[in-house]
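Since the structure comes first, as C-alpha cells, the remarks are kept for the end.
The values are calculated or read from the model by the stated rules, or taken from the named source; none is laboratory data. These figures come from a predicted structure and were not determined experimentally. Neighbour counts are summed over all protein chains in view; Cβ atoms, including those assigned to glycine, are modelled from backbone coordinates with ideal geometry.
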Amino acid sequence: MIILDGKKLAKKILEDLKTKTEALAKKPSLAVILANDNPSSKIYVSSKEKCALELGYQSLIYKFDNTVTQEKLIALINELNQNSDVNGILVQLPLFNHLNAQQLIEIINPKKDVDGFHPINVGKLNCGLKPYAICCTPKGVIKILDEYKIDLEGKNVIVIGRSNIVGKPLATLLLQRNATVTVAHSKTKNLKEITKTKDIVISAVGIANFVKQDMIKKDAVVIDVGISKQTNTKIMGDVDFENVKNIASHITPVPGGVGPMTIACLMENTYELYLEQNKK
Ligand code: NAP
C-alpha cells in the first residue's frame, strides 16, 4: 500500500512557486474576504495568509463582524476588481447567514476568481475550455493522482459528494481524463454496492469514518477529501484509514493528503492569474 503524500507534493509546488516569485519584480497579490466568525474559517484564512507571505506574495485580508452588509462587500469586491495590484480575490465560505455568497462570487471579475467558483470559470471547465482558475481542491486531487502516475483513462471512479466546490468540478476533471465517473450523494441507494466495484473511490462528504473497508475493492485507490472535527478537535477524514489502508493500493492520509494540496493550488492559481494579468 502506498500513502499518497499530499504534504510532500504541496511542499514541492510551493518551493517552485517561491523560486519563481523571487524572480518577479512585482509580486502576486491575493485578497481574502472573511465575513464569518467560524473558528475553522479563521484558521483557513490565517494559513492562506501565512502561506502567501512565505512565498513573497502580497496578502490582503479583509475581516468583518456580523454587522457587515451585502452592499459593503459588493463595494469592496468592485474596488478590488478595479485595483490592478490585486491578482486574486477569494471570499472565504461560509459567510454570516444574512449574506448572499453566490451574488458575491458572481461579482468577482472571473479573471481574478482565484477559487474558480465564478459561473464563467465553472462554465469554461464544463465546456472543456481553459478556466482562468480551476477550483483548488479538485485540482489538488488530480495533481496527487498524476504525481503517483495513477492512470485515469478508462478507470471506474466514484466521487461521493456533489458540491459545487468539490464533487461536481472534480467529476468534470476526471471525465476530461477519460475516466468513467459516477457521482454519489445523500440520496444514492446501495452506495456500498457501487463503491465496491470502483477502481478509484474519492470521498468528499464530511462524515468521519464514512468510508469503511467493506466498501472498497481490493487494490482500489482511495482519496479522502473530507475534513471533520471530533470532540477532542482531532481532524478526521471520511475514510476509516486504519482499516481501509489494508485493502487499498494507494490512500491519502488525513491530515497530510488533500488538505495541503488545496492551499498549494490556491497559491498556484494566484501565480497563474498574476501571469495572465501581466501578460505583455
Ligand atoms: P458539502 O457541500 O456539505 O457536500 C457534501 C456532499 O456529501 C453533498 O453532496 C452530500 O449530498 C453528500 N453526502 C452527505 N451525506 C451523504 C451520505 N450519507 N451518502 C452520500 N453522500 C452524502 O461539502 P463540501 O464543501 O463538498 O466538502 C466535503 C468535505 O470535504 C467536507 O468535509 C469539507 O470540510 C471537506 N473539504 C476539504 C477540503 C480540503 O482541502 N481537504 C476542501 C474543501 C472541502 P447532497 O448533495 O445530497 O446533500
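Here are a few things to note about the model shown:
- Residue check, LEU93 among the hydrophobic types (A, V, I, L, M, F, W, C), within 17 Å of the chain's Cα centre (by Cα) and in a loop (DSSP other than H, G, I, E, B): yes
- Contact map, segment 240-251: first residue under 15 Å from ASN209 (Cβ atoms), second residue assigned to a helix (DSSP H, G or I) and β-branched (Val, Ile, Thr), Cβ cut-off under 8 Å, separation 6 or more or different chains; pairs are ILE251/VAL244.
- Residues that are crowded, with 17+ Cβ neighbours inside 10 Å, more than 9 Å from the ligand (Cβ to nearest atom) and of a type in the set (Lys, Arg), drawn from segment 146-167: LYS155
- Within segment 215-230, residues that are within 9 Å of the ligand (Cβ to nearest atom) and among the acidic types (Asp, Glu) have Cβ atoms under 8 Å from residues that are at pLDDT 95 or above and assigned to a loop (DSSP other than H, G, I, E, B) in these pairs: ASP224/GLY237; ASP224/ASP238; ASP224/THR252; ASP224/PRO253; ASP224/VAL254; ASP224/GLY257, counting only partners at least 6 apart in sequence or on another chain.
Here's the yes/no breakdown for (1) at pLDDT below 95; (2) within 29 Å of LEU73 (Cβ to Cβ); (3) among the hydrophobic types (A, V, I, L, M, F, W, C):
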{"residue": "ILE2", "(1), (2), (3)": "no, no, yes"}
{"residue": "LYS18", "(1), (2), (3)": "no, no, no"}
{"residue": "ASN38", "(1), (2), (3)": "yes, yes, no"}
{"residue": "SER41", "(1), (2), (3)": "yes, yes, no"}
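- Of all residues in segment 220-241, those that are of a type in the set (Val, Ile, Thr) and over 21 Å from ILE144 (Cβ atoms) total 2.
- Any hit, segment 123-140, residues being crowded, with 21+ Cβ neighbours inside 10 Å, within 16 Å of the ligand (Cβ to nearest atom), in contact (Cβ under 8 Å) with a residue 12 or more places away in the chain and over 14 Å from ASN269 (Cβ atoms): no
- Scanning segment 244-264 for residues that are within 14 Å of the ligand (Cβ to nearest atom) and surrounded by fewer than 19 Cβ atoms within 10 Å (Cβ to Cβ) gives PRO253, PRO255, GLY256.
- Condition broken by LYS48, with the remaining ones in (1) charged (D, E, K, R); (2) modelled with pLDDT of 95 or more; (3) loosely packed, with under 15 Cβ neighbours inside 10 Å satisfied: (3)
- When GLN176 is tested against (1) of a type outside the set (Ser, Thr, Tyr); (2) closer than 26 Å to GLU106 by Cβ; (3) more than 8 Å from the ligand (Cβ to nearest atom); (4) free of Cβ contacts under 8 Å to residues at least 40 places away in the same chain, only condition (4) is not met.
- In segment 117-155, the residues that are within 19 Å of VAL201 (Cα to Cα) and among the polar types (S, T, N, Q): THR137
- Condition met for MET267 (within 21 Å of GLY6 (Cβ to Cβ), in a helix (DSSP H, G or I) and more than 10 Å from the ligand (Cβ to nearest atom)): yes
- Test set (1) modelled with pLDDT of 95 or more; (2) surrounded by fewer than 14 Cβ atoms within 10 Å (Cβ to Cβ); (3) closer than 19 Å to SER40 by Cβ - ASN232 fails condition number: (1)
- Test: residue in segment 100-122 that is within 16 Å of the ligand (Cβ to nearest atom), under 20 Å from the mean Cα position of the chain (by Cα) and on the phi > 0 side of the Ramachandran plot: yes
- Checked against the criterion of being within 30 Å of LYS234 (Cα to Cα) and loosely packed, with under 14 Cβ neighbours inside 10 Å, the candidates LEU60, LEU53, LEU34 yield just one match: LEU53.
- Within segment 10-40, the set of residues being farther than 17 Å from ALA264 by Cα and under 20 Å from the mean Cα position of the chain (by Cα) comprises ILE33, LEU34, ALA35, ASN36, ASN38, PRO39, SER40.
- Any hit, segment 186-194, residues being buried (at least 19 other Cβ atoms within 10 Å of the Cβ) and either touching a Ser or Thr at 6+ places or on another chain (Cβ under 8 Å) or without any contact (Cβ under 8 Å) to a residue 60 or more places away in the chain (or both): no
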